[in-house]
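Remarks on the structure that follows.
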Amino acid sequence: MVPRLGTSWPTSLNAPYERINALRVIIVFLAGFSLFWGLWIGLRRRKTVILVLWVFMLSGAAMAFTAILMSLTETNALLWTVPPTNPNFWGTFSYRNHGAAYLNLILVAIGFLFFYHLQKTKNRGHVGGPHLLLFCLFALVASSVAMALSRGGILFGVCISVAFFCFAAVYGLRSVFHQRSIWLSLLPALLLATGAFTAFQQINLDAISKRFGDVEATIENADEDYRMLLSLATWDMAQDRMVYGWGAGSFRYYFHRYQKEYPSIYYLSNHPKKGWSGRQFYKYAHNDILQFLAEYGIVGCSFLLLTLASLLWVMLRGIGTNVFSVLMLLVGLVATFSHAFLDFILNAPAYLIAFMGFYAAAAKLVRLESKRRNPQV
């Protein structure tokens, strides 16, 4: 018998903790916002912020490397010891889609720090710097994302990687015309490209092709895909309580009312003679954007949007300090919310808290750099 928490509290909070409900949701958001505002208010010096970002980035790179080792050793347990709750795990995440999404966030962090240190190196007139190591780590983490075989992770990992290399190419072309010797720029780039190519050789392209399947057929049958039907049913659910929503953590308890309208996601099977039978149960909509709207409504989502808007305001005001670093942050935001529209990554507490912590620290560094250059900002 699991002990009940908050039995003397109002009935809206009188719920077992092991179930998803308003109590658990508020604890997750409280952890995320506590980290967010703690970093924003507590970090006052650039060196401290950079240290926090490096610790976060290196821990993610270590997870990516561990995941690769676990894959190469063909282990059936998390960290070779803990039995997973899902056979499709990756690294320390029991669900590979969440693991790949987390590593994509690490890619954004690496890209942000890469351009930050690259600009510092250029300003000081040096050739080498931390950005060379970050380039290698980017290749390592990107390889881990590809090996995870998460379709959403690979899709948005490719988008982040393409953006990163495009920004690096533009930055490199701009720098070449200001360098005394082109070879000082080309030689390190050639060495790093060789290392990146070696890392990418570990990727099983055939396995990735099988995971994605026939892309053209998938697009043609998109209206019959179960995730598309889940989104349509969730939108129906959201429309009925658009202003205040159904309540935090309530999706799994009310969704069945709207699920009935879509037999292929309501029933388990469709027998040629017996017809539809069985019942499916969904804990998540596999679409965080619509699920958040259904649970929190316009009023609840507005608070989350205001937090996002404050981050965007800080980053856009500081874009002049290091344009490519800020662009990497913006690419990361687009990738995160695009991925969230296709999966439930924001409903994973580890990802949500890491996302809020990273963007708080990154935006704070942009803010401090802007104040250093213009004290009136």
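The values are calculated or read from the model by the stated rules, or taken from the named source; none is laboratory data. The model shown is predicted, which means the values in this text are computed figures rather than measured ones. No Cβ is skipped: glycine too gets one built from the backbone with ideal geometry, and neighbour counts run over all protein chains shown.
Residues in segment 38-53 include at least one that is part of a helix (DSSP H, G or I), free of Cβ contacts under 8 Å to residues at least 40 places away in the same chain and among the aliphatic types (A, V, I, L, M).
Could you tell me whether segment 68-89 includes any residue that is modelled with pLDDT under 95, out of contact with any Ser or Thr (no Cβ under 7 Å at 6 or more places or on another chain) and of a type in the set (Phe, Trp, Tyr)? Checked against the condition, which is being modelled with pLDDT under 95, out of contact with any Ser or Thr (no Cβ under 7 Å at 6 or more places or on another chain) and of a type in the set (Phe, Trp, Tyr), segment 68-89 yields at least one hit.
Matching residues to (1) surrounded by 24 or more Cβ atoms within 10 Å (Cβ to Cβ); (2) touching a Leu at 6+ places or on another chain (Cβ under 7 Å); (3) in contact (Cβ under 8 Å) with a residue 60 or more places away in the chain; (4) part of a helix (DSSP H, G or I):
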residue	(1), (2), (3), (4)
55	no, no, no, yes
71	no, no, yes, yes
87	no, no, no, no
101	yes, no, yes, yes
110	yes, yes, no, yes
120	no, no, no, yes
123	no, no, no, yes
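Tell me yes or no: at least one residue of segment 312-323 is buried (at least 17 other Cβ atoms within 10 Å of the Cβ) and of a type in the set (Lys, Arg). No: zero hits.
Quick one: in segment 1-56, which of the residues that are of a type in the set (D, E, K, R) and modelled with pLDDT under 70 is farthest from residue 350 (Cα to Cα)? Out of the qualifying residues, it is 4.
The residues in segment 217-246 that are of a type outside the set (Asp, Glu), modelled with pLDDT under 90 and over 18 Å from residue 267 (Cα atoms) can be counted, and the count is 5.
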